[in-house]
Amino acid sequence: MTLLWIAGTFLGLFVVVKIIASLSDAKLRRSGVLPAPGQATMADVDRLVRSGQRILAIRCYREIHHVGLAEAKKAIDDLHVAA
């Protein structure tokens, strides 16, 4: 019974975190900071890097190029050095 309660608690926390992240993404998309899903371009990545929003730039880069986190971080770091 205790194991079931623990699993339910973790599932509930996971759902709450996903909802909060989804609401945050929606707010960023409405404000124009993040492009619409599937619509990111390298111009968006460059804009985010130049405005200091490195994490969002990494997310957009990963969406465009379908690469892992480490590769995207390296690419964004290289862009940041060049900028």
message = Out of the total accessible area of the chain (probe 1.4 Å, heavy atoms of protein only), what percent is carbon and sulfur?
response = 67 percent
request  = Just grab the label-to-label distance for R47 and A70, each label 7 Å out from Cα along the Cβ direction, in nm (one decimal).
outcome  = 3.2 nm
key: FRET E, pair A36, F14, Förster distance 25 Å, beta-carbon r, rounded to 0.05   = 0.45
query = Given the Cα-Cα distance of D78 and L4 and 0.36 nm per residue of separation, how much length would full extension add, in nm?
reply = 22.0 nm
note = For the chain, the longest principal axis of the Cα atoms and the Cα long axis of helix 2-30 enclose an angle in degrees, to the nearest 10, of 30 degrees
More than 16 angstrom apart: percent of Cα pairs within segment 1-61 = 56 percent
note = To the nearest Å², the heavy-atom accessible area per residue of the chain with 1.4 Å probe amounts to 73 Å²
message = Around A21, under 14 Å between beta carbons, what's the net of Lys plus Arg minus Asp minus Glu among the other residues?
response = +3
request  = Give the angle, between 0 and 90 degrees and rounded to the nearest 10, that separates the Cα long axis of helix 69-82 from the longest principal axis of the Cα atoms of the chain.
outcome  = 30 degrees
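The values are calculated or read from the model by the stated rules, or taken from the named source; none is laboratory data. All figures in this text were calculated on a predicted structure; none of them were measured in a lab. Don't worry about glycine lacking a Cβ; one is built from the backbone with ideal geometry, like all the others, and counts go over all protein chains shown. To get the accessible areas, we keep the full protein, side chains included, count just its heavy atoms, and leave off ligands, DNA and RNA. Shrake-Rupley method; radii C 1.70, N 1.55, O 1.52, S 1.80 Å.
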